[in-house]
Amino acid sequence: MYALRLYMAFAKVRFMTQLEYRGEYFVRTLSKIIAWSTGFIMVMVLLTRFQAVGGWTVYEVLFLYALNMLTHSLAGTFFMNSFENLPRNIRQGVFDGVLTKPVSPLFYYVCTNVSAGYTSNYVIGVSVLVVCFAKLSIPVTLLNIVWLIAVILGGCLIQAAGFILTNVPAFWILKSESLMTLFFDDVKSFLQYPITIYAVGIQVLVTFVLPYAFISFYPAQYFLGREDALFHPLFQYLTLPVGALLYFVAVKVWNIGINRYNSTGS
C-alpha cells in the first residue's frame, strides 16, 4: 500500500506539471490524434480498395491495430519518457540522481516520468475496439471482457519490456537510441497487418525471437475465431504469460545494467 500511495503521489505531480502548460499539452494531444487516426485511415483506405489482406477484412485488421495502439499507449504512459531518454540521461549524468533515492531505481525512474499525453489514444483505441466488436459480431460476454483485459495487460507488459530492453544497453554503450528504432519500432511495424501475410522467417521472428505477435495477432485469433496461424492454436492464450515472462526478463536485465553502471561524470 505504501508503494501504491508513493506511486500515486509521483504520478499526480508529474501529470499536474505537464498540464500546467495547457497549450503545449493540447498541441501534443492533437498531434497524437492525427498520427494514430492517419494510421487507421490508411488501413481503411487500403482495405476498402483491396477488400481484404491475407483473408482479413478491414475491421479484423483494425482490431489488430487497436490492440497494438492501446497496449502501446498504456506502456508508453509509464515507460516511454523514462526509457526513450535513458541513454541521454546516462550520458549527461542525470541518471546519477535516480540512484540516490531511498526507493527502487526502476520504481522511482518510472514514477517520475509518467506521461499525460496518451489520453486521446485511449479514447480512440477503445472506440475502435467497440466498433470492431459490433461490426464483427464478437459476443460481449463476461468471459470475453475479462479475457480482453488480460490481453491488454499482457500486451502492455510486452510493450513495456520492449521499451526497457532496447534502451538498457545504454548502461554499457551509452549511445543506444538506434536499438529502439531497429528492434522495437521497425519490427513492431509488422503488427499492423496479420503476420500470416509475411514469410515464415518473419513469423518466427515476431513469435519466438521478438514476440510482438502476442500483442495483437494471436489474441485476435481467439476473438475472431480464426485458425490461420502458422503455429499451435494454444498461442492465442499466451499473451499474458509471455508478457509477464518478458517483463521479468527486462527487469533482470535492468538490474544487471544498474549493477554495472558507472557514472559518466557529466
Practice problem: For the range 122-136, take each phi angle, set θ = phi - 60°, evaluate the Karplus expression 6.51 cos²θ - 1.76 cosθ + 1.60, and give the result in whole Hz per residue in order, putting x for glycine and proline. | Solution: 4, 4, 5, x, 5, 4, 5, 4, 4, 4, 5, 4, 6, 5, 9
Self-check item: Distance in nm between pseudo-label sites at Phe183 and Thr57 (7 Å out along the Cβ direction from Cα)
Solution: 4.0 nm
Exercise. Measure off 7 Å from each Cα along the Cα-to-Cβ vector at Leu230 and Leu106, then give the distance between these two points in nanometres to one decimal.
Key: 3.1 nm
Quiz item: In whole Hz, what ³J(HN,Hα) sequence does the range 201-218 give by Karplus (6.51, -1.76, 1.60; θ = phi - 60°), x for Gly and Pro?
Solution: x, 5, 5, 5, 4, 7, 10, 10, 8, 10, x, 6, 5, 6, 6, 9, 5, 5
Self-check item: Among 198-207, 52-61, the order from most to least packed when residues are scored by Cβ within 10 Å on average
Solution: 52-61, 198-207
Quiz prompt | Peptides ranked, highest mean first, by Cβ atoms within 10 Å: ranges 155-162, 116-123 | solution = 155-162, 116-123
Exercise. Take peptides 96-105, 163-172 and line them up by average Cβ neighbours within 10 Å, highest first, as a rough protection proxy.
Key: 163-172, 96-105
Practice problem: Mind giving me the nanometre distance, one decimal, between the label points for Tyr122 and Ala150, set 7 Å out from Cα along Cα→Cβ? | Solution: 2.3 nm
Quiz item: Ordered by residue, what ³J(HN,Hα) values in Hz, to whole numbers, does the range 55-68 give under the Karplus form 6.51 cos²θ - 1.76 cosθ + 1.60, where θ = phi - 60° and Gly and Pro are x?
Solution: x, 9, 7, 4, 6, 5, 5, 5, 4, 4, 4, 5, 4, 5
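Here, each number is a calculation from the coordinates, and none is a lab measurement. Model, not experiment: these values are computed from the prediction. Quick reminder, even Gly has a Cβ in these numbers, built from the backbone with ideal geometry, and neighbours come from all protein chains shown.
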